[in-house]
Amino acid sequence: MITAVYPGTFDPITHGHADLISRACRLFGRVVVAVAVSRGKQPLFTLDERVGLIEQVVSGCDNVVIRPFDCLLMDFCRQEQAQVILRGLRAVSDFEYEFQLAGMNRRLRPEVETLFLTPAEQFGYISSSLIKEVSSLGGNVAEFVHPAVQAALNEKYAGRKPGA
């Protein structure tokens, strides 16, 4: 059975992320959604909140496990006995950075392959950062995220001035 790790901050998880996860479920025997602690990014949602939202969004995928991680990705892959790192590419602008990461990861653990998937075309322009910005300004993000994520965003931004 091939195990794939799909790492990210998922702050919050979007339909684009969910699309890649559901497609990965058909390709791999086990898919580990690796939720980065991500101290440097100052996430809107806590680690536990992000894990909880992902659990709600992917509840129908039996071969998915969600794990937080706070270590080198390649060490996490070793812990999870993963053979594949799954990365999403939304646009050409993502490629250079992802190419650098893939090269470094290959040097660290050559037995782990990095595979790139592109999201379905209707999700190609969605990013967690954009979702948070639109939501913080009072915009409706219902078509881009699961209802549980929209409710969590509404709760986070309740009482704030738009854009604050």
Residue check for PRO12: farther than 17 Å from ASP62 by Cα, modelled with pLDDT of 95 or more and either surrounded by fewer than 20 Cβ atoms within 10 Å (Cβ to Cβ) or touching an Asp or Glu at 6+ places or on another chain (Cβ under 9 Å) (or both): yes
Lone qualifier among VAL57, VAL31 - being among the β-branched types (Val, Ile, Thr), surrounded by 18 or more Cβ atoms within 10 Å (Cβ to Cβ), in contact with a Cys (Cβ under 6 Å, 6 or more places away or on another chain) and in contact (Cβ under 8 Å) with a residue 12 or more places away in the chain: VAL31
Segment 108-152, residues that are surrounded by fewer than 16 Cβ atoms within 10 Å (Cβ to Cβ), outside any loop (DSSP other than H, G, I, E, B) and over 18 Å from the mean Cα position of the chain (by Cα): LEU108, VAL134, ALA151
So CYS71, is it among the hydrophobic types (A, V, I, L, M, F, W, C), over 17 Å from HIS146 (Cα atoms) and either under 14 Å from the mean Cα position of the chain (by Cα) or not in a loop (DSSP other than H, G, I, E, B) (or both): no
Count of segment 34-54 residues which are assigned to a helix (DSSP H, G or I), without any contact (Cβ under 8 Å) to a residue 40 or more places away in the chain and either surrounded by fewer than 16 Cβ atoms within 10 Å (Cβ to Cβ) or in contact with a Phe, Trp or Tyr (Cβ under 9 Å, 6 or more places away or on another chain) (or both): 6
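The values are calculated or read from the model by the stated rules, or taken from the named source; none is laboratory data. Quick caveat, the model's predicted, so the values are computed rather than measured. In this analysis, Cβ positions are derived from the backbone assuming ideal geometry, glycine residues included, and neighbour counts consider all displayed protein chains.
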